[in-house]
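Comments concern the structure below.
The values are calculated or read from the model by the stated rules, or taken from the named source; none is laboratory data. Bear in mind the structure is a predicted one, so any value in this text is a computation, not a measurement. Here Cβ is always computed from backbone atoms with ideal geometry, including for glycine, and neighbour counts include all displayed protein chains.
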Amino acid sequence: MSASGGTKAIIAALLANLSIAAAKFVAAFFTGSSSMLAEGIHSVADSGNQLLLLIGGKRAQRGSTREHPFGYGRERYFYAFVVAVVLFTIGAVFSIYEGVHKLSSDEGVESPIWAFAVLIFAIIAEAFSFRTAIKESNSVRGSQSWVAFVRRAKSPELPVILLEDLGALLGLIFALFGVTMAVVTGDPVWDAIGTLMIGVLLAVIAIILAIETKSLLLGESATPEMERKICAALESSDEVERVIHMRTLHLGPEELLVAAKIAVAHDDTAAEVARGIDQAERLIREAVPIARVIYLEPDLDRSRTNA
């Protein structure tokens with residue numbers, strides 16, 4: 001994923017959420033709707049999350065230091081994980097609390113026209129943000145399904161924004177359902193039910209994000225396709241007979257570490273092995289440009305030697 005694509009989706013989501021949050025709080029004040037209040041808090045949490053993603057992207061651009069020789073690329077993973085925690089604690093927990101509190105209250109929805117007007121505006125704004133995230137994701141998703149894209153993407157920004165925007169749209173639908181039923185039936189319990197539905201939805205999305213970003217934070221290997229390209233590049237080098245074993249690790253979304261033990265001919269001189277390693281590194285970077293850090297260990301092919 002290009003950093004520019006992720007940033008564009010983040011900024012679109014941030015602008016949408018800031019305007020939506022203000023409108024929701026106004027509607028919550030005039031209507032007394034817990035669904036609208038929960039949705040307002042949801043939009044504030046989402047806005048904070050987008051700021052966190054922007055901060056993570058900026059901090060990840062710092063160069064390597066003695067203390068962090070491989071750079072700060074994983075900052076993007078850390079801030080994406082923080083987003084999941086914020087979404088759960090602020091968005092989900094507050095919405096569930098507010099819904100439970102509303103169940104014991106007999107306060108109905110006042111001035112529902114405010115709620116309907118804001119919800120319609122919010123749905124349009126969120127749809128625009130979601131459309132931007134889908135467009136940017138499609139440019140890098142390839143033939144993957146959406147589920148596979150969210151699970152396998154090494155850049156966290158687009159999957160996070162996609163799930164946030166999807167959650168926001170569904171949350172608005174739940175809020176619209178709760179407010180509509182409360183107005184039609186005159187029973188404020190429906191507003192509480194809509195609020196609880198929003199809370200459960202946010203909790204599910206937060207858990208999914210936490211699981212996926214935790215995996216990235218711990219360190220994931222390159223995709224099988226990338227590893228095949230790296231092996232093919234190595235074995236196309238003149239001095240490399242075969243790859244004995246290889247390990248890859250993402251130091252960041254666009255930075256890959258490659259470590260491999262390669263078999264060389266037993267009668268090769270040190271100079272020939274060194275030239276072969278230089279050529280192999282060049283071929284790897286041509287095949288997989290994000291392979292920035294490469295460690296190659298020459299060895300004899302002991303399986304053939306023993307034979």
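Here are some notes:
- Residue in segment 84-91 that is closer than 19 Å to ALA153 by Cα and surrounded by 20 or more Cβ atoms within 10 Å (Cβ to Cβ) present: yes
- Within segment 237-269, the set of residues being among the small types (Gly, Ala, Ser) and out of contact with any helix residue (DSSP H, G or I) (no Cβ under 6 Å at 6 or more places or on another chain) comprises GLY252, ALA259, ALA260, ALA263, ALA265.
- ILE134 vs. criteria within 21 Å of LEU209 (Cα to Cα) and in contact with a Gly (Cβ under 8 Å, 6 or more places away or on another chain): no
- Candidate set: segment 248-276, residues that are β-branched (Val, Ile, Thr) and either assigned by TED's automatic domain parsing to the domain that holds ALA60 or modelled with pLDDT of 90 or more (or both); chosen: the one nearest to PRO224 (Cα to Cα): THR248
- Candidates LEU14, LEU87, LEU37, LEU103, filtered to the one that is out of contact with any strand residue (DSSP E or B) (no Cβ under 7 Å at 6 or more places or on another chain) and farther than 30 Å from VAL189 by Cβ: LEU14
- Residue within segment 85-92 that is over 16 Å from LEU209 (Cα atoms) and of a type in the set (Ser, Thr, Tyr) present: no
- Set ILE244, ILE290: member being under 27 Å from the mean Cα position of the chain (by Cα), aliphatic (A, V, I, L, M) and surrounded by fewer than 18 Cβ atoms within 10 Å (Cβ to Cβ): ILE290
- Residue match in segment 168-186 (condition: in a helix (DSSP H, G or I) and of a type in the set (Ser, Thr, Tyr)): yes
- Counting only helices (runs of 4 or more DSSP H) wholly contained in segment 29-111, the ones carrying 3 or more residues that are within 22 Å of ALA182 (Cα to Cα) and modelled with pLDDT under 85 occupy 34-59, 93-103.
- Those residues of segment 127-172 which are buried (at least 21 other Cβ atoms within 10 Å of the Cβ), over 26 Å from ALA60 (Cα atoms) and at pLDDT below 85, in sequence order: ALA168
- Residue in segment 140-151 that is outside any helix (DSSP H, G or I), at positive phi, small (Gly, Ala, Ser) and without any contact (Cβ under 8 Å) to a residue 60 or more places away in the chain present: yes
- Annotation note: Cβ proximity below 7 Å between a residue of segment 110-134 that is under 14 Å from LEU166 (Cβ atoms) and a residue that is surrounded by fewer than 20 Cβ atoms within 10 Å (Cβ to Cβ) and at pLDDT below 85 (sequence gap 6+ or interchain) occurs for THR132/LYS8.
- Only listed residue being touching a residue at least 40 places away in the same chain (Cβ under 8 Å), assigned by TED's automatic domain parsing to the domain that holds ALA133 and surrounded by 23 or more Cβ atoms within 10 Å (Cβ to Cβ), chosen from ALA210, ALA175, ALA233, ALA203: ALA175
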